[in-house]
Amino acid sequence: MTGRRNRSDYSHQPRRDRMDEEHVGDPYRARGKWKEPSTCPDCGAIFHGGRWQWGAAAPGAEAHLCPACQRSRDRVPAGQLTLSGPFYAEHRDEILHLVRNTEAKARAEHPLERIMEVKDEAGKTVVTFTDSHLTHGIGEALRHAYHGELDSRYTDEGDLLRVVWSR
């Protein structure tokens, strides 16, 4: 043996510093590209340079509902964040302020990353999002700011990221 290892010598270990792999069959992900320029009639985002962004629509731009507005209209979130626990109950407004501020910063740069709904249910709050990366990012921001327990999992179907934060 020469000291070199074969690729087969290494067992594949999943990376622990990333969220679960994104589900490939997202029905809201475009199979192709929209015609440029295009604009979303609901939110005003424009499709330009191969991506959705904020800006002024070009004259004669085609109208296409962006994936975030389509998800919101269909009420099909990509992510769900559940907030609970005694600490959460005592600091609810402060924690939701962090959630909304984090979402606003993300949305300013990425128009498809938005909160869909904030709903209180029996001692907990459920926030739904149009993007799973935003859901994961806000969960991590909560853990960083307030510590607590954080659990992120995709549903069995793989189309919804459920993040639970409690303290």
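The values are calculated or read from the model by the stated rules, or taken from the named source; none is laboratory data. Source: prediction; values computed, not measured. Cβ: placed from backbone, ideal geometry, glycine included. Neighbour counts: every protein chain shown.
Listed values, structure above:
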| quantity | calculated |
| --- | --- |
| Residue identified as among the hydrophobic types (A, V, I, L, M, F, W, C) and either free of Cβ contacts under 8 Å to residues at least 12 places away in the same chain or on the phi > 0 side of the Ramachandran plot (or both) among 78, 61, 104, 68 | 104 |
| Selection from region 113-130 of residues that are assigned to a loop (DSSP other than H, G, I, E, B), of a type outside the set (Lys, Arg) and at pLDDT 95 or above | 113, 130 |
| Contacts under 8 angstrom Cβ, first residue in region 123-149 being farther than 13 Å from residue 83 by Cα and touching a residue at least 40 places away in the same chain (Cβ under 8 Å), partner charged (D, E, K, R) and part of a helix (DSSP H, G or I), 6 or more apart | 129/103; 130/71; 134/103 |
| Top-ranked residue of region 41-77 - restricted to ones that are in contact with a Phe, Trp or Tyr (Cβ under 9 Å, 6 or more places away or on another chain) and of a type in the set (Asp, Glu), ranked as modelled with the lowest pLDDT | 62 |
| Residues of region 131-145 satisfying the condition of being in a helix (DSSP H, G or I) and closer than 14 Å to residue 107 by Cα | 132, 133, 134, 135, 137, 138 |
| Options 97, 136, 91; residue that is in the same structural domain as residue 160 (by TED's automatic domain parsing), modelled with pLDDT of 95 or more and touching a strand residue (DSSP E or B) at 6+ places or on another chain (Cβ under 7 Å) | 136 |
| Failed item in (1) more than 26 Å from residue 37 (Cα to Cα); (2) in a strand (DSSP E or B), with residue 52 passing the rest | (1) |
| Filtered residues of region 53-84 (kept if in contact with an Asp or Glu (Cβ under 8 Å, 6 or more places away or on another chain) and more than 18 Å from residue 135 (Cα to Cα)) | 65, 66, 73 |
| Condition met for residue 150 (touching a helix residue (DSSP H, G or I) at 6+ places or on another chain (Cβ under 8 Å) and part of a loop (DSSP other than H, G, I, E, B)) | no |
